[in-house]
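Written out below as structure tokens is the structure these notes cover.
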Amino acid sequence: MAEDSFPGWHGTTIIGVKKDGKVVVAGDGQVSLGQTVIKGTARKVRRLSPGGFDVVAGFAGSTADAFTLLERLEAKLEATPGQLQRASVELAKDWRTDKYLQKLEAMLIVTDGNDLLVITGAGDVLEPEHSIAAIGSGGNYALAAARGLYDSDRDAEQIARDAMAIASDICVYTNGNLTLEAIGG
């Protein structure tokens, strides 16, 4: 199939919210091909436990590419137990410089309960402002909603749920079928 005629995979919204010592990562379940929903129950948020340290990761982009990155992250975390920032920087360096990894199309949100980070293929490891990170096609909608809700009496989980509900109402590539993992608090 010619690349210009391929409609492309779309979809997902992942949000991470850190509040009061608790971090929640939530993701929707929709995978779309062009204008068609291929699957509505995909699981894009995972708990990893390399070296006995819990890490929660959410991904947007190609599933196969994301799994490759999660495996690499897990290996980096096993080499540097309990050091999420260091492992994330090592992954980002590899991702940017390795010819095979450069072709991977995904983004990650990761947390160990202390740090909340976004890792990109451009070599970025970003700690978001305002303790909220969001990626994917509906990421900006979820981010805006979560920032608006942050100063309310809601906890991290409720902010993530409410922000994802708002994003799923706005973004056609996001559904309300959530996977949610919490750490800390």
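The values are calculated or read from the model by the stated rules, or taken from the named source; none is laboratory data. As the structure is a computational prediction, the values presented were derived from the model and not from experiment. Virtual Cβ from ideal backbone geometry, glycine too; neighbours counted across all protein chains shown. Protein only, heavy atoms only, side chains kept; ligands, DNA and RNA dropped before computing areas. Shrake-Rupley method; radii C 1.70, N 1.55, O 1.52, S 1.80 Å.
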Gain on full stretching of the segment that runs from residue 127 to residue 114 - 0.36 nm per residue minus C-alpha separation | 3.6 nm
Out of 133, 160, 68, whose Cα points farthest toward the positive end of the dipole of the chain (charges: +1 Lys, Arg; -1 Asp, Glu; placed on Cβ)?
-> 68
Please give, to one decimal in nm, the separation of the simple spin-label points placed at residue 105 and residue 169, each 7 Å out from Cα toward the Cβ.
-> 3.1 nm
Could you work out how far apart the two model spin labels at residue 22 and residue 86 are, taking each label as a point 7 Å from the Cα in the direction of the beta carbon, and quote it in nm?
-> 3.1 nm
How high is the relative contact order of the chain, in percent, with contacts defined as C-alpha pairs under 8 Å that are six or more residues apart?
-> 32 percent
Which cross-chain or sequence-distant (5 or more) residues have an amide H under 5 Å from the amide H of residue 114, H modelled 1.01 Å from N in plane?
-> none
Could you work out how far the C-alpha centroid of region 35-55 sits from that of region 119-185, in angstrom?
-> 15 Å
If you roll a 1.4 Å probe over region 51-118 with all protein chains in place, what percent of the accessible area is carbon or sulfur?
-> 47 percent
Decide, for region 84-124, between rounded, prolate and oblate: order the square roots of the alpha carbon gyration tensor eigenvalues as a ≥ b ≥ c, take rounded if a/c falls under 1.5, and otherwise choose prolate if a/b is larger than b/c, else oblate.
-> prolate
Provide the per residue accessible area, probe 1.4 Å, for region 1-140, rounded to a whole number of square angstrom.
-> 48 Å²
CD proxy, 222 nm, the chain: helix-only mean residue ellipticity via -39,500 (n - 2.57) per DSSP H run with n ≥ 4, per residue, nearest 500, stands at -10000 deg cm²/dmol
Express in nm, to one decimal, how much length is gained between residue 155 and residue 68 on full extension, taking 0.36 nm for each residue of separation and deducting their alpha carbon distance.
-> 28.1 nm
Square roots of five times the Cα gyration tensor eigenvalues for the chain, Å | 23, 23, 13
